[in-house]
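The structure under discussion appears below in the form of structure tokens.
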Amino acid sequence: MALPAEEWRLYAARRWAALEPALRERLAAAASLHDTLRLGCGLLRPETEAAALRRLCRRARTGKEPAAARFYREEGNRLFGRRHYGAAARLYSQVCLEDIARAESHGYPERLLPKVLLRKAECLLCLGKLQDAADALSLVENKIAMDGVLTSPAHQTLLKKLSQLKIKLREKESCPEPAQEACGDTQRKLEIWEENDSISGASSSLSLNFDTERGRHLVASQDILPGQSLLKEEAFVSVLCPGESLLQQDSSETPWDTRATNADLYCHCCLRQLLASVPCRGCSYAKYCSQTCADVAWEQYHRTECSLGALLLTLGVFCHVALRTVLLAGFTEVHRLVEWSHGGDKDLHNPEASCKHLREAPARKAGSRDIPGCNDSGQYQSSYQAVFNLLPHAEKHSPEHKFLCMLSVVAICKELQEAGLEAAVLNRESSEKWSKLKTCEKTSGELSPELQTMAEAMLRHVLQLQCNAQAITVMQESGSGDGAVVNKKPVRLATAFFPVLSLLNHSCCPNISVSFSGTAATVRASQPIPSGQEIFHCYGPHRCRMKVAERQQLLSQYFFECRCQACLDELESDVRSVVSMRNSFCCPSCRAPMQGEDMLCCSNEACAVSVSSESLSCRLRDLQQQIKKALELLRDRKADQAIKMLLKCQMDAGNFLSPEHLLMGEMEDHLAQVYATLGKWQEAARHLERSIEIVEMHHGPSSIEIGHELFKLAQILFNGFAVSEALSTIQRAEEILSVHCGPQSTQIQELQEMKTCLSELPKSILQRT
Ligand SMILES: [Zn+2]
Ligand SMILES: [Zn+2]
Ligand SMILES: [Zn+2]
Ligand SMILES: [Zn+2]
């Protein structure tokens with residue numbers, strides 16, 4: 001999803017291969033992005049490439065479709081009937097409560113709206129979202145008041161239902177959630193924040209260093225404790241990653257996907273979870289949590305992006321981030337920095353060049369370092385200048401890849417020009433004057449010089465994103481979401497630029513954790529960091545999840561070879577890494593570990609069994625398929641069948657997977673989940689404890705993964721009234737999760753609510769357990 005749709009990538013590759021050799025040479029040799037763009041700008045031909053792109057865009061559903069609303073509403077009713085509150089509430093929000101006008105214009109039966117709203121309020125009440133429920137109820141009230149006095153029986157039913165729900169709401173409001181216990185003293189101290197003088201959003205216990213080998217990097221300037229906050233940064237720009245279903249494959253199934261996607265669940269602007277959504281009036285893919293967010297987005301970027309939805313979906317999230325970045329920066333600032341990048345040394349990508357520029361800049365703070373991206377007073381701030389100075393590594397990307405990116409950003413700029421949006425892009429204040437001036441003038445299909453400048457900056461940003469894109473993740477409930485035990489998984493929500501966070505280098509054994517709230521990132525130390533040690537972020541390949549070869553392969557996209565301690569240790573030692581040992585096959589005959597590459601042999605000499613690795617991999621894939629089927633059974637509420645199937649999978653797996661294999665842990669985890677849905681808490685806890693043992697072997701006892709598992713175990717023990725075990729598990733989960741996510745995170749708050757609840761249980765229950 002980060003890169004353009006595959007068909008477009010293939011199209012660009014064919015075009016590249018068919019270029020006149022001399023032109024291809026010149027493009028490959030282009031020294032700067034400016035030259036690349038100048039040479040390639042005219043290569044997007046309207047009758048071929050542009051037409052092909054337009055065809056691809058037709059697959060993306062971003063326009064308004066009246067039948068879709070009806071479909072979602074009916075699906076919502078169906079799920080509501082089955083008491084899938086979470087899913088139903090999400091689908092109802094698709095019916096776009098605040099856009100009554102739109103529903104009317106598409107023939108939505110308006111008289112039915114209050115009914116849908118009441119249903120939704122009921123859902124929200126069940127979910128404990130009291131404020132949202134109150135909002136929905138007052139909307140119904142307003143609607144009824146607007147309609148005047150009606151006395152039909154249907155109307156009477158509505159009024160009755162309304163008053164019932166209002167009573168329920170008041171009841172829930174009057175017995176508020178237990179007051180939150182103040183967090184521990186040490187935790188509070190760790191949250192105390194002293195901001196750095198020269199790096200915005202950074203703690204004063206860090207300093208910004210620069211050397212040619214490591215580039216810019218952050219170092220502890222004093223001893224740091226685990227859990228201590230190190231950075232708090234608001235994304236400079238972020239774009240919600242659409243769910244897969246927005247790009248429809250040619251399927252004959254239902255035309256609308258009922259699996260809610262990111263775009264249905266989160267605000268397009270602030271990334272908070274949606275319940276009652278405010279949809280954009282011009283498109284179907286932008287939904288907001290409030291009118292404020294809708295207005296802010298419109299003002300800052302969406303009035304330009306709105307009609308480009310299909311194109312942006314087709315070209316991928318990186319292109320979208322690149323466009324939004326220049327829109328947020330504004331033409332004046334983009335122009336200034338693009339011009340600056342042309343001045344003097346052509347090669348801006350060489351840090352020396354930017355340092356030289358800074359050295360010439362007046363009013364520098366004495367003693368501050370010559371670090372690229374710092375402003376004139378030597379401060380590093382989350383600004384467009386800082387984003388612009390992130391390394392695009394233009395010389396390291398393949399010419400073919402640069403060609404694809406170039407063609408894509410040119411396509412966006414041409415579309416802007418043709419849609420008459422150039423004025424909005426370039427000059428917000430006097431847009432009317434501009435549109436009169438420009439639209440009649442530009443018919444040749446050539447990009448105006450201003451749009452060429454924008455395209456050049458966008459090309460730079462697309463290339464930068466390969467190394468600097470930061471995923472914003474959230475813990476999302478997986479499964480049906482209506483069980484007593486909430487199973488949460490981290491999912492990628494958005495792609496963003498965080499110029500300060502980008503200062504951190506990678507390590508496969510990082511010493512920090514990053515957590516997100518909306519579009520803000522918080523970095524905390526995950527272990528003690530002594531003064532002088534570098535702060536390391538993990539870009540993805542973590543030593544607990546992958547072997548060194550896999551990690552190095554993945555890291556090649558960042559154009560460096562990792563030399564972290566974990567990589568050095570693993571590369572130096574001849575023995576196979578611990579990860580591969582744990583995630584290995586075992587002998588089907590004697591269960592000893594299997595060894596070898598293509599042909600695997602039993603390590604037990606007396607056994608001498610050998611099997612091709614291909615056949616074992618095939619068995620593993622089959623097993624994964626079976627597990628998937630078991631989970632589908634669980635979703636269809638066939639718990640007994642799901643258990644049977646999972647137990648069979650476990651038996652099967654025991655014959656060829658090592659007992660510590662992560663999949664063994666996953667199966668235990670799934671079994672725990674099924675038993676929990678049946679209310680069999682003891683069985684559930686037993687299985688989850690086994691899963692925790694395996695997760696601990698892979699990720700370590702204080703990892704965030706263990707934190708999430710303990711959180712689940714706490715819920716199970718809580719539900720099973722295993723009071724003392726629950727309390728000690730809550731304690732452990734709290735200790736781990738507060739280090740990684742901070743004491744304010746929702747999971748910590750939920751744990752504290754559980755604790756309060758347990759401590760208030762009547763003595764009689766406590767004595768029994
Ligand atoms: Zn919002
Ligand atoms: Zn829109
Ligand atoms: Zn490494
Ligand atoms: Zn054997």
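Listed by first and then second residue, the pairs with beta-carbon distance under 8 Å, at least 6 apart or on different chains, first residue in segment 302-328 and closer than 15 Å to L3 by Cβ and in a helix (DSSP H, G or I), second within 16 Å of ligand 1 (Cβ to nearest atom) and at pLDDT 95 or above, are V317/V239; H320/V239; V321/V237; V321/S238; V321/V239; V321/A496.
Residues of segment 532-547 that are hydrophobic (A, V, I, L, M, F, W, C) and open to solvent by 20 Å² or more (accessible area, probe 1.4 Å): F536, C538, M546.
Out of the residues in segment 651-669 that are modelled with pLDDT of 90 or more and among the aliphatic types (A, V, I, L, M), which is most open to solvent (accessible area, probe 1.4 Å)? The extreme case among them is M651. None of L313, L308 is open to solvent by 10 Å² or more (accessible area, probe 1.4 Å), within 13 Å of ligand 2 (Cβ to nearest atom) and under 30 Å from S32 (Cα atoms) except L313. State whether one or more residues within segment 570-577 are away from ligand 1 (no atom under 16 Å from the Cβ), modelled with pLDDT of 85 or more and open to solvent by 60 Å² or more (accessible area, probe 1.4 Å). Checking segment 570-577: not a single residue is away from ligand 1 (no atom under 16 Å from the Cβ), modelled with pLDDT of 85 or more and open to solvent by 60 Å² or more (accessible area, probe 1.4 Å).
Let's see how each residue does on (1) modelled with pLDDT under 85; (2) part of a loop (DSSP other than H, G, I, E, B):
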| site | (1), (2) |
| --- | --- |
| P362 | yes, yes |
| G378 | yes, yes |
| S382 | no, yes |
| K396 | no, yes |
| C405 | no, no |
| K414 | no, no |
| G420 | yes, yes |
| E429 | yes, yes |
| E432 | yes, no |
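Against the numbered list (1) hydroxyl-bearing (S, T, Y); (2) assigned to a helix (DSSP H, G or I); (3) under 18 Å from E734 (Cα atoms), S702 comes up short only at (2). State whether the residues of segment 633-645 include one that is farther than 28 Å from Q749 by Cβ, under 26 Å from the mean Cα position of the chain (by Cα) and buried (at least 19 other Cβ atoms within 10 Å of the Cβ). There is no residue in segment 633-645 that is farther than 28 Å from Q749 by Cβ, under 26 Å from the mean Cα position of the chain (by Cα) and buried (at least 19 other Cβ atoms within 10 Å of the Cβ).
Assess whether H320 counts as being farther than 26 Å from R59 by Cα and either among the aliphatic types (A, V, I, L, M) or away from ligand 3 (no atom under 16 Å from the Cβ) (or both). Against the criterion (farther than 26 Å from R59 by Cα and either among the aliphatic types (A, V, I, L, M) or away from ligand 3 (no atom under 16 Å from the Cβ) (or both)), H320 does not qualify.
In the set S502, S515, only one residue is modelled with pLDDT under 95, within 26 Å of E194 (Cα to Cα) and in contact with a Cys (Cβ under 8 Å, 6 or more places away or on another chain); that residue is S515. Whenever a residue of segment 286-300 is in contact (Cβ under 8 Å) with a residue 60 or more places away in the chain, it has no partner that is of a type in the set (K, R) and more than 10 Å from ligand 2 (Cβ to nearest atom) lying with C-beta atoms less than 9 angstrom away and at least six residues away or across chains. Inclusion of S728 among residues that are under 30 Å from V514 (Cβ atoms), touching a helix residue (DSSP H, G or I) at 6+ places or on another chain (Cβ under 6 Å) and among the hydroxyl-bearing types (S, T, Y) is not warranted.
With the condition kept exactly as written, say whether any residue in segment 517-525 is open to solvent by less than 70 Å² (accessible area, probe 1.4 Å), of a type in the set (V, I, T), within 16 Å of ligand 1 (Cβ to nearest atom) and under 30 Å from E735 (Cα atoms). Checked against the condition, which is being open to solvent by less than 70 Å² (accessible area, probe 1.4 Å), of a type in the set (V, I, T), within 16 Å of ligand 1 (Cβ to nearest atom) and under 30 Å from E735 (Cα atoms), segment 517-525 yields at least one hit. Of all residues in segment 324-342, those being open to solvent by less than 10 Å² (accessible area, probe 1.4 Å) and touching a strand residue (DSSP E or B) at 6+ places or on another chain (Cβ under 9 Å) number 3. If you go through segment 502-511 and keep only what is open to solvent by 10 Å² or more (accessible area, probe 1.4 Å) and more than 18 Å from the chain's Cα centre (by Cα), you end up with N505, H506, C509, P510. The condition (being out of contact with any Gly (no Cβ under 6 Å at 6 or more places or on another chain) and not in a helix (DSSP H, G or I)) is satisfied by just one residue among A17, A12, A50, A31: A31. So, in segment 679-699, exactly how many residues are in a helix (DSSP H, G or I) and open to solvent by less than 50 Å² (accessible area, probe 1.4 Å)? Number satisfying all stated conditions: 10.
Condition check: touching a Ser or Thr at 6+ places or on another chain (Cβ under 7 Å) and closer than 27 Å to C508 by Cβ. Does E696 satisfy that? In short, no.
Residues that are at pLDDT 90 or above and surrounded by 15 or more Cβ atoms within 10 Å (Cβ to Cβ) occur at least once in segment 610-619.
Once segment 114-162 is narrowed to residues that are among the β-branched types (V, I, T) and open to solvent by 40 Å² or more (accessible area, probe 1.4 Å), the residue that is modelled with the highest pLDDT is T157. The set of residues in segment 23-43 that are open to solvent by 30 Å² or more (accessible area, probe 1.4 Å) and either basic (K, R) or within 35 Å of the chain's Cα centre (by Cα) (or both) comprises R24, R26, A28, A31, H34, D35, R38. Within segment 266-301, being within 12 Å of ligand 1 (Cβ to nearest atom) and not in a loop (DSSP other than H, G, I, E, B) holds for Y266, Q273, V278, K287, Y288, Q291, T292, C293, A294, D295, V296, A297. Return a yes/no flag: does segment 250-269 have any residue that is at pLDDT 85 or above and open to solvent by 20 Å² or more (accessible area, probe 1.4 Å). Scanning segment 250-269 turns up at least one residue that is at pLDDT 85 or above and open to solvent by 20 Å² or more (accessible area, probe 1.4 Å). Looking at segment 703-710, can you tell me whether even one residue there is of a type in the set (S, T, N, Q), closer than 21 Å to S526 by Cβ and touching a Leu at 6+ places or on another chain (Cβ under 6 Å)? No, segment 703-710 contains no residue that is of a type in the set (S, T, N, Q), closer than 21 Å to S526 by Cβ and touching a Leu at 6+ places or on another chain (Cβ under 6 Å). Across segment 589-637, the number of residues qualifying as in contact with a strand residue (DSSP E or B) (Cβ under 6 Å, 6 or more places away or on another chain), aliphatic (A, V, I, L, M) and assigned to a helix (DSSP H, G or I) comes to 1. Going residue by residue through segment 670-678, is there one that turns out to be open to solvent by 60 Å² or more (accessible area, probe 1.4 Å), touching a Lys or Arg at 6+ places or on another chain (Cβ under 9 Å) and not acidic (D, E)? Among the residues of segment 670-678, at least one is open to solvent by 60 Å² or more (accessible area, probe 1.4 Å), touching a Lys or Arg at 6+ places or on another chain (Cβ under 9 Å) and not acidic (D, E), which makes the answer yes.
The values are calculated or read from the model by the stated rules, or taken from the named source; none is laboratory data. Every value quoted in this text rests on a predicted model; they were computed, and no experiment measured them. Here the Cβ is made from the backbone with ideal geometry for all residues, glycine too, and neighbour counts use every protein chain on show. Accessible surface areas use protein heavy atoms only, side chains included; no ligands, DNA or RNA. Shrake-Rupley method; radii C 1.70, N 1.55, O 1.52, S 1.80 Å.
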